[in-house]
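The values are calculated or read from the model by the stated rules, or taken from the named source; none is laboratory data. It should be emphasised that the depicted structure is a prediction, and the values quoted were computed from it without experimental measurement. Note: ideal-geometry Cβ built from the backbone for every residue, glycine included; neighbour counts use all protein chains shown. With ligands, DNA and RNA removed, areas are computed over all heavy atoms of the protein, side chains included. Shrake-Rupley method; radii C 1.70, N 1.55, O 1.52, S 1.80 Å.
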Amino acid sequence: MIKQKEYAQRRKQLMRRSGEGAVIIVRAAPARIRNNDVYYAYRQDSDFLYLTGFREPEAMLVLLSEEERAILFCRPRDPEREMWDGAMVGLEGAVNDYGMDEAHDIAELEKRLPQLLRDRDRVFYDLGGDTAFDQRLIGWMHDLRETKRRNFNVPEEIHGLDHMLHDMRLYKSRDELRVMRRSARVAIEAHERAMRACKPGMNEAQIYAELLHTFTSAQCEPSYFPIVGGGANACVLHYIANNQDLADGDLLLIDAGAEYDGYASDITRTFPVNGKFSAEQRELYDLVLAAQLEAIDQARAGNQWDDVHDAAVRVAAQGMVDLGILKGDVDEIIEEEAYTRLYVHKTGHWLGLDVHDVGDYQIDGHSRELEPGMVLTVEPGIYISPHDEEVDERWRGIGIRIEDDVAVTKDEPLILSDGLAKTADDVEALMAG
Ligand code: GLY
Ligand code: MN
Ligand code: MN
């Protein structure tokens, strides 16, 4: 678990970065209605979670950089409400258990927040997430400016917070890496359970249920909606229907990750429904795996973000030419991006509190340099549509992706999702066992 000390350090670091005279405002995610009076399971906003560890809706964090003071507006405890919905943190809990310097009833925001804006130079707040609150904030700032004979300073502008905060989130601490490893561990167990359970004639839904069994038993949630795509469904990149029968002789692609203490894992494996790869399936699988291993090897400090993708593409394009799936000269295929018909997505993304985590991929128009503490997925995939007339029939309808979670370190790439069967032989052995 991330300790309170670390949350406090993050707030302090953000306040120091924002400079003197800054007020930083971060809002909690709203609870969202699913239908009528039923709510979706609540998930805190990742920026808010990063700075507080606080998991209730109807909350607002205000940081005053000059005094290095953290103020939380949240719901006060309410015995009647707690009888229906369970324990609340409340104002005392916010101070005692969440390390806030002050806590106030969220109902007092209107009264107190304008006061906190007085005599500050800058406001940091991300506009656009909640237009009603945006308007209130702009209104308070306007009212302060209009105050007659004012003898105090008033912040003139609202600066975006995301750039500063998301750069902090990109670099993972030791404890964050520990938590992410744990998140990956739960996902590994889910994938193993699914591989062991899979038999021809089952439905994708039953495999999906096996994944949920592991996640729920580990008191985790899926970090995104799992993809369980048999046969050509693997070629549908965001397939989530998960309701078709699994045919003997087909592959099954599972893309599923856990969320543990807020942090996502994101793992994909592709394996034969009947436990044995066909010759074509194995050839293409070995190729995607070779591309992935080459790409992971590029996830090193000092390399660039693009090096990871470029390495995977070179191996995959060369391999597809060797197998006769693509025709022509490899350099030209890469130059003209002709491979993108079959290798359709980028090879990865940052990973953290969000599955597609925050942080810039480019700086001043140049691919970003990889540094220790950054975590990314490495997930090459080749997808041959069942309708692709340009490719020999025996390859059609095969979709393969292999995805692992990798931390950049001072030395070798650290595979957080290490230990889950990955070579074709190891996958077959796991399914037979
Ligand atoms: N599961 C989402 C992704 O792989 O990017
Ligand atoms: Mn994925
Ligand atoms: Mn991914």
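Below, the figures for the structure above:
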item	result
Tally of residues being under 28 Å from Tyr7 (Cβ atoms) and open to solvent by 60 Å² or more (accessible area, probe 1.4 Å) across region 130-156	2
Residue match in region 271-280 (condition: of a type in the set (A, V, I, L, M) and open to solvent by 10 Å² or more (accessible area, probe 1.4 Å))	yes
Residue selected from region 337-372 under the condition among the aliphatic types (A, V, I, L, M) and more than 16 Å from ligand 1 (Cβ to nearest atom), by the criterion most open to solvent (accessible area, probe 1.4 Å)	Ile363
Scan of region 22-38 for residues that are assigned to a strand (DSSP E or B) and under 29 Å from Arg122 (Cα atoms), ordered by number	Ala22, Val23, Ile24, Ile25, Val26, Arg27
In region 287-301, the residues that are away from ligand 3 (no atom under 16 Å from the Cβ), assigned to a helix (DSSP H, G or I) and not hydrophobic (A, V, I, L, M, F, W, C)	Glu294, Asp297
Count of region 256-290 residues which are of a type in the set (Asp, Glu), within 16 Å of ligand 2 (Cβ to nearest atom) and out of contact with any strand residue (DSSP E or B) (no Cβ under 6 Å at 6 or more places or on another chain)	0
Residue in region 413-421 that is more than 16 Å from ligand 1 (Cβ to nearest atom), touching a residue at least 12 places away in the same chain (Cβ under 8 Å) and either open to solvent by less than 10 Å² (accessible area, probe 1.4 Å) or out of contact with any strand residue (DSSP E or B) (no Cβ under 9 Å at 6 or more places or on another chain) (or both) present	yes
Region 221-248: number of residues that are in contact with a helix residue (DSSP H, G or I) (Cβ under 7 Å, 6 or more places away or on another chain), away from ligand 1 (no atom under 14 Å from the Cβ) and open to solvent by less than 60 Å² (accessible area, probe 1.4 Å)	3
Region 268-285, residues that are under 27 Å from the mean Cα position of the chain (by Cα) and away from ligand 3 (no atom under 16 Å from the Cβ)	Phe271, Tyr285
So Met168, is it farther than 30 Å from Arg394 by Cα and buried (at least 20 other Cβ atoms within 10 Å of the Cβ)	no
Residues being closer than 21 Å to Ile25 by Cα and either part of a helix (DSSP H, G or I) or not hydroxyl-bearing (Ser, Thr, Tyr) (or both) - total across region 57-91	22
Qualifying residue in region 406-417 (condition: assigned to a strand (DSSP E or B) and away from ligand 3 (no atom under 16 Å from the Cβ))	yes
Residue that is nearest to ligand 2 (Cβ to nearest atom), among those in region 354-405 that are of a type in the set (A, V, I, L, M, F, W, C), more than 13 Å from Tyr171 (Cβ to Cβ) and assigned to a loop (DSSP other than H, G, I, E, B)	Val355
Candidate set from region 199-220 (those that are farther than 17 Å from Gly275 by Cα and of a type in the set (Val, Ile, Thr)); member that is surrounded by the most Cβ atoms within 10 Å (Cβ to Cβ)	Thr214
Residue that is least open to solvent (accessible area, probe 1.4 Å) [pool: residues in region 39-56 that are assigned to a loop (DSSP other than H, G, I, E, B) and among the hydroxyl-bearing types (Ser, Thr, Tyr)]	Tyr42
Residue in region 273-286 that is farthest from ligand 1 (Cβ to nearest atom), counting only those that are hydrophobic (A, V, I, L, M, F, W, C) and in a helix (DSSP H, G or I)	Ala279
The lone exception for Leu49 - which of (1) under 21 Å from Ile2 (Cα atoms); (2) without any contact (Cβ under 8 Å) to a residue 60 or more places away in the chain it fails	(2)
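Here is a yes/no grid of residues against (1) within 15 Å of ligand 2 (Cβ to nearest atom); (2) over 17 Å from Ala187 (Cβ atoms):
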{"residue": "Gln206", "(1), (2)": "no, yes"}
{"residue": "Glu210", "(1), (2)": "no, no"}
{"residue": "Phe215", "(1), (2)": "yes, no"}
{"residue": "Gln219", "(1), (2)": "no, no"}
{"residue": "Pro226", "(1), (2)": "yes, no"}
{"residue": "Val236", "(1), (2)": "yes, yes"}
{"residue": "Asn242", "(1), (2)": "yes, no"}
{"residue": "Gly249", "(1), (2)": "no, yes"}
{"residue": "Ile254", "(1), (2)": "yes, no"}
